[in-house]
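Asker: Just passing along the structure, written as structure tokens.
Computed from the coordinates by the stated procedures, all read-outs in this text should not be read as laboratory data. On a predicted model such as this, the values are computed, not experimentally measured, just so you know. Using ideal geometry, Cβ is built from the backbone for each residue, glycine included, and neighbour counts are taken over all protein chains shown.
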Amino acid sequence: MRRFQNAFEEFIDGVGTASDKAAFRAVAERATQRLGFSYFAYLSLTEHSYTLISTYPKEWTTRYLNERYDLIDPVIIRARRDRDLFRWSGAQASSGRGNRVKRFFGEAAEFGIEKGVTIPIPAGFDRFAAFTFAAGRHGPDLDEKIADAKEVLQLMGMYFHARVETMLKQPVGLDSSSPLSQREAECLAWTSRGRTMDQIGQILGIKTRTIAFHLDSARARLGAENVAHAVALALRRGLIP
């Protein structure tokens, strides 16, 4: 477990200072190798655009995007539906499915992509994101990885997404009439997704007591009885995704 913790801490430090795609890719590639996987892939989709940062072979990612495999990929379909980390294998995911899905996994296997762990990331505003660690058939034991480091892997995916959103994308702005600051809205949004203050602090790169301050400030601004009430009010008023 200590090995996972060391990889996690190095990853958090690196992602926290990354400012472009190349830097994000280098940090995630290092963590991928330390965790015993062959590849990683971060994919964020909106209706009209996408962000892809990965170590998958370029030929494969080009084919994936050109063929719109995201529309038939069982891993992406499940990641859109689920919130919790899950393991997958091409052999299992293609079982009982049509020829196009079987061909898709067959093509992926040609590039050494046969199994992995995917972290779904609720992105809000009709957006979708997921972070995947992948390997070939003889890669690491996925059940063992999840048993040893499920929370670490989950936090890595969420933190990577949060930093990419901050550094590489135009933020989805709050309504100018919103009583909440950007940070207050972020803290409420992550709370609404079941994250603890410790987890939110790791995702946003700020101290737990600062999270508590922003949550209490948001509660006061919304006239809520407690944080749970503040989350409910913010969701009802469309102040958080």
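Asker: For the range 58-170, take N as its residue count and report Rg(C-alpha) divided by 2.2 N^0.38 Å.
Answerer: 1.09
Asker: For the range 110-241, just run the numbers: alpha carbon Rg, then divide by 2.2 N^0.38 Å, N being how many residues it has.
Answerer: 1.22
Asker: At 222 nm, what helix-only mean residue ellipticity would the chain give, in deg cm²/dmol to the nearest 500, using -39500 (n - 2.57) for each DSSP H run of four or more?
Answerer: Computed mean residue ellipticity for the chain: -17500 deg cm²/dmol.
Asker: Given the pairs LYS115/LYS145; LYS21/LYS145; LYS115/LYS150; LYS21/LYS58, which are separated by over 21 angstrom at their Cα positions?
Answerer: Pairs exceeding the cut-off: LYS21/LYS145.
Asker: Also: Any chance you could run the full-extension gain for ASP216 through GLU59? It's 0.36 nm times the residue separation minus the Cα-Cα distance, nm to one decimal.
Answerer: Between ASP216 and GLU59, full extension yields an extra 51.6 nm.
Asker: Can you list the residues, at least 5 places off or on another chain, whose amide H is less than 5 Å from the amide H of PHE86, using H built in the peptide plane?
Answerer: THR118
Asker: In nanometres, what is the gap between the two model label sites at GLU225 and ILE146, each 7 Å from Cα along Cα-to-Cβ?
Answerer: Calculated label separation equals 3.8 nm.
Asker: Once you list every other residue whose beta carbon is under 13 Å from the beta carbon of ALA135, what net charge do they have if Lys and Arg are +1 and Asp and Glu are -1?
Answerer: It works out to a net charge of +1.
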